[in-house]
Amino acid sequence: MKIRVLVAKPGLDGHDRGAKVIASAMRDAGFEVIYTGLRQTPEQIAAVAIAEDVNVVALSLLSGAHNNLFPRVVQCLKDKEGDDILVIGGGVIPKSDIPFLKEQGIAEIFTTGTPTSAIVDYIKNALTERGVC
Amino acid sequence: MSVKYVQQDQIYDLVVRMRTGNRRAVSRLITMVENENTLRIDIARYIYPYTGNSYIIGITGPPGSGKSTLTDKLAKLLRKQGKRVGIVAVDPSSPFSGGAILGDRIRMNDLALDDEVFIRSMGTRGHLGGLSESVELTVKIFDACNCDYILVETVGVGQSEVDIMKMADTTLVVLVPGYGDDIQMIKAGILEIGDILVVNKADRDGADQLASMLNMMQQYGESRENSRVRPVLLTSAYENKGIEELLNAILAHREQRQVSDYYHLNRMNHLRAEIMVMLQSELSKRLFERYHFDQELDGIISEMYERRINPYDWVESCVNIV
């Protein structure tokens, strides 16, 4: 069973160096990473997640619009029967926003400075717990 | 056995849902095709009656030649004509970690929300011969979703890619200026599999020279049966130039093939090869399950290595048992 992850950048943020670092770390961990580039709508992200049958959607956002966009991705996934897909987020996200995001269905938030290995391990553990792999 | 029946029910259910246009079912089936060798034959069996109506276009060429952008533009043109389009985009898996970054969709973002477009990204995963089987079955799944055209995009290096292109009705080889001199071009392999040669990034210097070189090159070599001059087309996919001409060339090739019966002959030959591969893999799977050759080998491999058992005698004895 191969773990498939969609790394996506929602909204108007044009900085994807972080997303590329994460994508490369996941590739090195043996994951198949689908990267769709900059400026995606939540609808696009959900459609791609379904079409590619990913296990995880990893959202990266540095613009500050996470409280708005992350929950919308979760909602769009639900609308398309994709509520079993694990959604995680990362970027420049204030600690005080994290409880709200988790309440909205984002499983975990990784802020700047997180070692990439922590993200990889988190995904492996979370998918094992869910019985996916 | 019961597990197998449960899985068959599950597959049947997915195929029914797929036929009603359920996206989740389509993508689940493709994942099964990719991950679980044992289910391939069941999936293939259920969907086969619904297949055979799509026209398959292979798109190959070196990395960075613009295959994804070209695929995107061709798909959009086909959509304008009201066609339903499937796209299988293959990118390389790492031979070290087994992971992959599948980035072809970056060029196809506008298609993501089109209900008449099916896209799937695939890693090569390094399995022996398995890639072409996975791609082939994915193409069949899109075929069963009533796609008019299916575009299969892969980096054109190596045997498995050539195998994939054998399933295409029309194969495009995409090249760009600066690729190399004419000796690079006449090296065996990539150009031979193309029905249409595309010089992409034609806005760059050297595109015309490359096109004339490709035309000239076709005069080298022995004339073969079925040999014909392959059209050479200039495109600039990023600027959306030359795409209509390219589609016209594809349609002309299609017509030419269908008139000459070569289309059906090619598909029949391909079907035969495909069935043989599946038969071989199923037979060997059953034999291994029954005789446990692999476990036996585990037990004696060190003795073989130390030259106390001759491995070729052992192979012979296994064959005799069967």
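Tabulated results
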{"quantity": "Residue match in the range B:98-105 (condition: hydrophobic (A, V, I, L, M, F, W, C), modelled with pLDDT of 90 or more and under 19 Å from B:Gly58 (Cβ atoms))", "calculated": "yes"}
{"quantity": "In the range A:14-27, residue farthest from the other protein chains (Cβ to nearest Cβ) [restricted to those that are in a helix (DSSP H, G or I) and surrounded by fewer than 17 Cβ atoms within 10 Å (Cβ to Cβ)]", "calculated": "A:Arg17"}
{"quantity": "Residue ID - nearest to the chain's Cα centre (by Cα), chosen from residues in the range A:28-43 that are touching a residue at least 24 places away in the same chain (Cβ under 8 Å) and part of a helix (DSSP H, G or I)", "calculated": "A:Pro42"}
{"quantity": "Odd one out for A:Leu69 among (1) more than 24 Å from A:Met1 (Cβ to Cβ); (2) in a loop (DSSP other than H, G, I, E, B); (3) aliphatic (A, V, I, L, M)", "calculated": "(2)"}
{"quantity": "Residues that are at the interface with chain A (Cβ under 7 Å from one of its Cβ atoms), within 19 Å of the chain's Cα centre (by Cα) and outside any helix (DSSP H, G or I), drawn from the range B:93-108", "calculated": "B:Ser94, B:Ala100, B:Ile101, B:Leu102, B:Gly103"}
{"quantity": "Residue satisfying condition, being at positive phi and assigned by TED's automatic domain parsing to the domain that holds B:Leu74, within set B:Asn240, B:Asn215, B:Asn248", "calculated": "B:Asn240"}
{"quantity": "Helices (runs of 4 or more DSSP H) wholly inside the range B:255-322 containing at least 1 residues that are touching a Lys or Arg at 6+ places or on another chain (Cβ under 8 Å) and either touching a residue at least 12 places away in the same chain (Cβ under 8 Å) or among the hydrophobic types (A, V, I, L, M, F, W, C) (or both)", "calculated": "B:262-291"}
{"quantity": "In the range B:1-49, the residues that are under 19 Å from B:Arg286 (Cβ atoms), assigned to a helix (DSSP H, G or I) and at pLDDT below 90", "calculated": "B:Ser2, B:Val3, B:Lys4, B:Tyr5, B:Gln7, B:Gln8, B:Asn37, B:Thr38, B:Leu39, B:Arg40, B:Ile41, B:Asp42"}
{"quantity": "Whichever residue in the range B:171-184 is within 27 Å of B:Val88 (Cβ to Cβ) and surrounded by fewer than 22 Cβ atoms within 10 Å (Cβ to Cβ) and, among such residues, is modelled with the lowest pLDDT", "calculated": "B:Tyr179"}
{"quantity": "Residue count for the range A:38-85, restricted to those that are among the small types (Gly, Ala, Ser) and either surrounded by fewer than 21 Cβ atoms within 10 Å (Cβ to Cβ) or more than 10 Å from chain B (Cβ to nearest Cβ) (or both)", "calculated": "5"}
{"quantity": "Selection count where residues are modelled with pLDDT of 70 or more and not small (Gly, Ala, Ser), scope the range B:212-227", "calculated": "8"}
{"quantity": "Sole residue being buried (at least 17 other Cβ atoms within 10 Å of the Cβ), out of contact with any Cys (no Cβ under 7 Å at 6 or more places or on another chain) and over 18 Å from B:Tyr55 (Cβ atoms), chosen from B:Ser93, B:Ser97", "calculated": "B:Ser93"}
{"quantity": "Subset tally (residues that are away from every other protein chain (no Cβ under 12 Å), in contact with a strand residue (DSSP E or B) (Cβ under 7 Å, 6 or more places away or on another chain) and assigned to a loop (DSSP other than H, G, I, E, B)) for the range B:65-92", "calculated": "3"}
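The values are calculated or read from the model by the stated rules, or taken from the named source; none is laboratory data. Here the structure is a predicted model, which means the values were calculated and not measured. FYI the Cβ positions are ideal-geometry reconstructions off the backbone, even for glycines, and counts take in every protein chain you see.
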